[in-house]
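Values quoted throughout were computed directly from the atomic coordinates according to the rules given, and no laboratory measurement underlies them. Values in this document were obtained by computation on a predicted structure and should not be read as measured data. With ideal geometry, Cβ positions are generated from the backbone for all residues, glycine too; neighbour counts draw on all protein chains shown.
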Amino acid sequence: MKIAGFEKNTLLDYPGKVASIIFTYGCNLRCPYCHNPELVIHPCLKENLYSEDYILDYLKHREGLIDALVITGGEPTLQSDLIPFIKRVKELGILVKLDTNGTLDDIVEDIMKQDIVDYWAMDIKYPSEYFKEYELDSKSVKHTIKMIMNSGKEYEFRTTYVKGIHSIEDAKSIGKMIKGAKNYYIQNFRKGKTIDPKLNESNSFTEKELEEIKKIVSPYVNKVKIR
């Protein structure tokens, strides 16, 4: 596992749980609005990586204090030893939340067959009409969506809306992709470090526009929230 970042405590990333977060290095996408360019386009420096044993030892010695581990990135399903690592975490009695862009549906399917993830979070990056432009495989993404919805596990879908990349009307297409889903989160773009350094506050939607996005997608999803 290439673990390039570690946050010891969070109350925000696993609903209702105290969690730790690891950030894996590497992604198969190059979303211009990605806030973690150091995990995607910057060199991976060995001296900056955390070992699996360090993470596991931290969790082991905080039994009863840490409920869950959130695995995010980058794109965690690119890690060849992801499954063995998750199994080691589960042996400690720790819940696991896995963030994914859903493009590697074969890996997602393998993980689900082994029943080792307790909470799935999938980023719906773009409406399906944009998939070709951003080199996304529609079949793989839609298969992952279906598997997550049918997994019997807790899950959420989410989209970061970026003005100039997304439009308000995109919400309808995204809503159709996840029709019948339990939870969908609308995330507004915030300026900061991004793969495309030209993105700024002008790429954020207004509160009124976010409410319009929510209104459009709400008929398709059980619960829609703006983060």
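Distance between the pseudo-spin-label points of Q187 and Q114 (7 Å out from Cα toward the beta carbon): 2.5 nm. Per-residue Karplus couplings for the stretch 210-227, computed as 6.51 cos²θ - 1.76 cosθ + 1.60 with θ equal to phi - 60°, are listed in order as 5, 5, 5, 4, 4, 4, 5, 7, 4, x, 9, 10, 5, 9, 10, 10, 9, 9 Hz, Gly and Pro entered as x.
When the C-alpha to C-alpha distance is required to be over 25 Å, the pairs from K46/K125; K132/K179; K8/K214; K113/K223 that qualify are K46/K125; K8/K214; K113/K223. Taking the fewest neighbouring Cβ atoms within 10 Å as the starting point, the ordered list for H35, H166, H61, H42 is H61, H42, H35, H166. Comparing L98, L65, L199 in a Gaussian network model of the chain where C-alpha atoms under 10 Å apart are linked, the largest mean-square fluctuation is found at L65. Springs between Cα atoms under 10 Å define the GNM used for the chain, and in it the highest mean-square fluctuation of K97, K17, K142 occurs at K17. Restriction of the GluC sites (Glu not before Pro) in the stretch 1-85 to DSSP coil positions whose beta-carbon has at most 16 other beta-carbons within 10 angstrom yields E63. When only C-alpha pairs under 8 Å and at least 6 residues apart count, what is the relative contact order of the stretch 43-197, in percent? Relative contact order, the stretch 43-197: 18 percent.
Between the amide H of R30 and any residue lying 5 or more places away or on another chain, no distance stays under 5 Å, with hydrogens modeled in the peptide plane. With springs only between Cα atoms under 10 Å, which of K125, K198, K60 fluctuates most in a Gaussian network model of the chain? Top of the fluctuation ranking is K198. With the helix formula -39500 (n - 2.57) applied to DSSP H stretches of n ≥ 4, the chain reaches a computed 222 nm mean residue ellipticity of -8000 deg cm²/dmol.
Which of the GluC sites (Glu not before Pro) found in the stretch 102-156 are loop residues per DSSP with 15 or fewer other Cβ atoms within 10 Å of their Cβ? Here the GluC sites (Glu not before Pro) that fit, given the DSSP loop and packing criteria, are E133, E135.
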